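Every number in this text was worked out from the coordinates using simple rules, so none of it is lab data. Here the structure is a predicted model, which is why all the values come from computation and not from measurement. Glycine also receives a Cβ, built like all others from the backbone with ideal geometry; neighbour counts cover every protein chain displayed.
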């Protein structure tokens, strides 16, 4: 997140909330306020409905849904056991050792021209 801030991206938190436990939604918002400060928050049941150039998500299903209508979108995917081996042309996996790669692709997305691909 600090890298995105350094590159002057607008930070917006996009999170999915459970359908039958609305109290969890307020808990997520409280955590965000306490840990991330003043950022915009969207809680949704379908991340694919929300526009953006970049999505950071560790769950392949959500990343794929978001990419369905964003052929030029970029997903930064923090590496976890449950997404090991996942790949997609528009996904850059982040494993803690490749911050330079993430910086390079975020910079490229930020400065690219209309209709220019990744």
- Note on the structure: Note on the range 13-46: residues loosely packed, with under 12 Cβ neighbours inside 10 Å, touching a strand residue (DSSP E or B) at 6+ places or on another chain (Cβ under 9 Å) and either closer than 26 Å to residue 103 by Cα or free of Cβ contacts under 8 Å to residues at least 12 places away in the same chain (or both) are 40
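If I ask for residues that are assigned to a helix (DSSP H, G or I) and in contact with a strand residue (DSSP E or B) (Cβ under 7 Å, 6 or more places away or on another chain), which ones from the range 79-91 would you list?
Filtering the range 79-91 for residues assigned to a helix (DSSP H, G or I) gives 81-83.
Answer for the range 79-91, where residues must be assigned to a helix (DSSP H, G or I) and in contact with a strand residue (DSSP E or B) (Cβ under 7 Å, 6 or more places away or on another chain): just 83.
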- Evaluation of residue 20 against (1) under 13 Å from the mean Cα position of the chain (by Cα); (2) over 14 Å from residue 1 (Cβ atoms); (3) not in a helix (DSSP H, G or I) (one fails), failing number: (1)
- Query: Does residue 3 count as touching a residue at least 24 places away in the same chain (Cβ under 8 Å), in contact with a strand residue (DSSP E or B) (Cβ under 8 Å, 6 or more places away or on another chain), surrounded by 14 or more Cβ atoms within 10 Å (Cβ to Cβ) and under 22 Å from residue 109 (Cβ atoms)?
  - Reply: no
- Query: Can you find a residue in the range 92-106 that is loosely packed, with under 10 Cβ neighbours inside 10 Å and assigned to a loop (DSSP other than H, G, I, E, B)?
  - Reply: yes
